[in-house]
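A.B. asks: Okay, handing you the structure first.
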Amino acid sequence: MISVIISCSNCGHAVVLNPTEDNQSDVTSTLRKENKFYATISYVDSSEPKIEDDFIAKLTTESKENIRDFVEQNIIEQVDIYTELLDVTFTCKECGDSIELKDI
């Protein structure tokens, strides 16, 4: 079993993130319960269209009355959405010291 310890060397506050049965850790609820640190997560969302030929072919054959419904039902499949985690920062609520985890 692996546990993660967040410890402030300035004031001595510490929190242990223990795994659940499925080897996950409830970070937010543990930090909230212990009330010693808070976490900040930085991320970037991006999207990229990927209009496929099949979509265009079907779109051009749809009747004028059905185009709106067809697009609403199929447009999400024509876009790739990415979320990139940039960093996670843990900040001690007692003294304000922090650590920023990068290159995740």
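A.B. asks: Taking the range 4-102 on its own, what percent of its Cα-Cα pair distances exceed 22 Å? Mind showing how you got there, number by number?
C.D. replies: On the way: 2680 of 4851 pairs.
Pairs farther apart than 22 Å: 55 percent.
A.B. asks: What residues have an amide H closer than 5 Å to that of Leu86, excluding those fewer than 5 places away on the same chain, when H is modeled at 1.01 Å from N in the peptide plane?
C.D. replies: Those lying under 5 Å, H to H, from Leu86 are Ser42, Tyr43, Val44.
A.B. asks: Something else about it: Can you give the FRET efficiency to the nearest 0.05 for Asp97 and Ile2, using r as the Cβ-Cβ distance and R₀ = 22 Å?
C.D. replies: Numbers: r = 24 Å, r/R0 = 1.11.
According to the calculation, E is roughly 0.35.
A.B. asks: Also: On full extension of the chain, what length is gained from Ser42 through Ala14, given 0.36 nm per residue of separation minus the C-alpha to C-alpha distance?
C.D. replies: Values: separation 28, 0.36 × 28 = 10.08 nm, distance 2.28 nm.
Between Ser42 and Ala14, full extension yields 7.8 nm more.
A.B. asks: Identify the trypsin sites (Lys or Arg not before Pro) of the range 1-78 meeting these criteria: DSSP loop state and at most 10 other C-beta atoms within 10 Å of the C-beta. Could you put the intermediate results ahead of the total?
C.D. replies: Values: sites: Arg32, Lys33, Lys36, Lys50, Lys58, Lys64, Arg68; in loops: Lys36, Lys50, Lys64.
Those satisfying the criteria are Lys50, Lys64.
A.B. asks: Student exercise: in the chain, how many lysine pairs 8 or more apart or on different chains have Cα atoms under 27 Å apart? Could the numbers behind the result be given before it?
C.D. replies: Details: Lys33/Lys93; Lys33/Lys102; Lys36/Lys93; Lys36/Lys102; Lys50/Lys58; Lys50/Lys64; Lys93/Lys102.
Count of close lysine pairs: 7.
A.B. asks: Continuing with the same structure: Label points 7 Å out from Cα along the Cβ direction at Asn23 and Ile51: separation in nm?
C.D. replies: Label at Asn23, label at Ile51, 4.4 nm between them.
Only the coordinates and a few stated rules stand behind these numbers; no lab work does. Since the structure is predicted, the reported quantities are computational estimates derived from the model, not experimental observations. Here the Cβ is made from the backbone with ideal geometry for all residues, glycine too, and neighbour counts use every protein chain on show.
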